[in-house]
Amino acid sequence: MVLWARPEWDEDERAVVRRLSRARKAPRDVVMRARMIELSWSGLRVPVIAVELGCSQKTVRCWLHRFNRLGLDGLDNLGGQGRKRRITEEERSRIISLVKTVPPGRLRWEPVGELWAFDESGPPEWTLDSLAAAAQAEGIEVGRSQVRRILLAEGVRWRRTRSWIRSKDPDFVPKGQGSSASTPSRPTT
């Protein structure tokens, strides 16, 4: 059976298809589909249109059927395709906000000069594993790789943990605060 694009409903539809088929700034796929319709209106059959545009006959038939069914709306891509997100935007925001918080195991100086941490068993620095664990503790079902993708998409940067900076020894005492700022860095001349 021979397949043709249905006749245009009015002159406006023909003008829109003609404009789209010659457009330079429109998406390439839409331009190609509009050319399929225009070539079909000019009397060319599916195999000739496929050769002319460098695509398969099945593709041409698909888009001619869709144009016949939906009109100009059939030339655009259908929205909502693909897999749905497993976590909501709110959960993504909570994961990103975790990065900006201080890790629970990070040591801080008390005003009296002693070190303390909110949770000594917690991570001293945020890593992908510790962020995923903290998100799961808040009830967000997310894995390490998904946390990484979320942070990359948001432009959040992090560094790989360097194990030689912090000791795992429980008796380790870090250096005290830096020297006073009143000492000049170099002798004046």
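The values are calculated or read from the model by the stated rules, or taken from the named source; none is laboratory data. These numbers were taken from a predicted model, which means no experiment stands behind them. Virtual Cβ from ideal backbone geometry, glycine too; neighbours counted across all protein chains shown. Side chains included, ligands, DNA and RNA excluded: accessible areas come from the protein's heavy atoms. Shrake-Rupley method; radii C 1.70, N 1.55, O 1.52, S 1.80 Å.
Numbers below:
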read-out: Residue satisfying condition, being of a type in the set (Ser, Thr, Tyr) and either at positive phi or open to solvent by 50 Å² or more (accessible area, probe 1.4 Å) (or both), within set Thr127, Thr88; value: Thr88
read-out: First in the stretch 44-56 and within 14 Å of Val31 (Cβ to Cβ), second anywhere and in a loop (DSSP other than H, G, I, E, B), Cβ under 8 Å, 6 or more apart; value: Glu52/Leu44
read-out: Breaking point among (1) at pLDDT 85 or above; (2) open to solvent by less than 100 Å² (accessible area, probe 1.4 Å); (3) assigned to a loop (DSSP other than H, G, I, E, B), for Pro104; value: (1)
read-out: Leading residue by the ranking (modelled with the highest pLDDT) among those in the stretch 127-148 that are assigned to a loop (DSSP other than H, G, I, E, B), touching a Lys or Arg at 6+ places or on another chain (Cβ under 9 Å) and more than 15 Å from Ser97 (Cβ to Cβ); value: Glu141
read-out: Verdict on Leu151 being touching a residue at least 40 places away in the same chain (Cβ under 8 Å) and either in a helix (DSSP H, G or I) or within 21 Å of Phe172 (Cα to Cα) (or both); value: yes
read-out: Residues that are open to solvent by less than 50 Å² (accessible area, probe 1.4 Å) and without any contact (Cβ under 8 Å) to a residue 12 or more places away in the chain, drawn from the stretch 130-148; value: Gly143
